[in-house]
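Student: Starting off with a structure, shown below.
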Amino acid sequence: MRKKLRLAITTGDSDGIGPEICTKALLSIGSKFNLVFFLYRSANFPKKYLRQLDRRFDRIQVSSFEEYLKNHSNSKFTLVDVVSGESAADWVVTVARLCLKKELDGLATAPLSKT
């Protein structure tokens, strides 16, 4: 049996367009049998988008990838919601390192800032 692909999405600034774009992209793709999404976001991510995602995905909220590995890696969740106090730029670095270590299979990012 093939392992599930693990794809990370960083949502960028919660005050920008990133949360909306990430939500629309995830809803367009939908839940897939062989795919787990890791959504890196802040606690300020708009609740209306979380409600939309909950209609299409089995979502679990964690504070880090390591917490997911320790407690939920054998679960059937299709969306791992990583709520982090780090900056959006730090999420990109964290996820890139996980990709280099082959813990994650890919990364998509929303805009970090207008500057």
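The values are calculated or read from the model by the stated rules, or taken from the named source; none is laboratory data. Worth saying up front: this structure is predicted, and the values here are computed from it rather than measured. Don't worry about glycine lacking a Cβ; one is built from the backbone with ideal geometry, like all the others, and counts go over all protein chains shown. Just so you know, the surface numbers come from the protein's heavy atoms only, side chains and all, with ligands and any DNA or RNA stripped out. Shrake-Rupley method; radii C 1.70, N 1.55, O 1.52, S 1.80 Å.
Student: Output the peptides 4-12, 83-91 sorted from most to least packed, where packing is the average of other Cβ atoms within 10 Å over each peptide's residues.
Tutor: Details: 4-12: 21.6, 83-91: 15.7.
Peptide ranking by packing, descending: 4-12, 83-91.
Student: What accessible area per residue, rounded to a whole number of Å², is obtained for the chain using a probe radius of 1.4 Å? The partial results should precede the final answer.
Tutor: Numbers: 6790 Å² over 115 residues.
Value returned for the chain: 59 Å² of accessible area per residue.
Student: Work out the charge dipole of the chain with +1 on the Cβ of Lys and Arg and -1 on the Cβ of Asp and Glu about the Cα centre, then indicate which of Leu39, Leu100, Asn74 is farthest towards its positive end.
Tutor: Asn74
Student: Right, here's the next one. In terms of the Cα gyration tensor, with a ≥ b ≥ c the square roots of its eigenvalues, is the chain rounded because a/c is under 1.5, prolate because a/b exceeds b/c, or oblate? Can you show the working numbers first?
Tutor: Working: a/c = 1.60, a/b = 1.21, b/c = 1.32.
Oblate shape, in that a/c is at least 1.5 and b/c is the bigger or equal ratio.
Student: Expressed as a rounded percentage, what relative contact order does the chain have, with Cα pairs under 8 Å and six or more residues apart? Intermediate values should be presented prior to the final figure.
Tutor: Working: 188 pairs, mean separation 45.9, N = 115.
RCO, the chain: 40 percent.
Student: Pairs of lysines 8 or more apart, or on different chains, with alpha carbons under 20 Å: count those in the chain, would you?
Tutor: Lysine pairs, 8 or more places apart or on different chains, close enough: 16.
Student: So what is the calculated 222 nm ellipticity per residue for the chain, using -39500 (n - 2.57) for each DSSP H run with n of 4 or more, over all residues, to the nearest 500 deg cm²/dmol? Display every interim value, and only then the final one.
Tutor: On the way: 4 runs with 42 residues, N = 115.
Computed mean residue ellipticity for the chain: -11000 deg cm²/dmol.
Student: In the chain, what percent of the accessible surface is made up of carbon and sulfur (1.4 Å probe, ligands and nucleic acids excluded)? If you can, show how the numbers build up before the last one.
Tutor: Details: 3560 of 6790 Å².
Answer for the chain: carbon and sulfur cover 52 percent of the accessible area.
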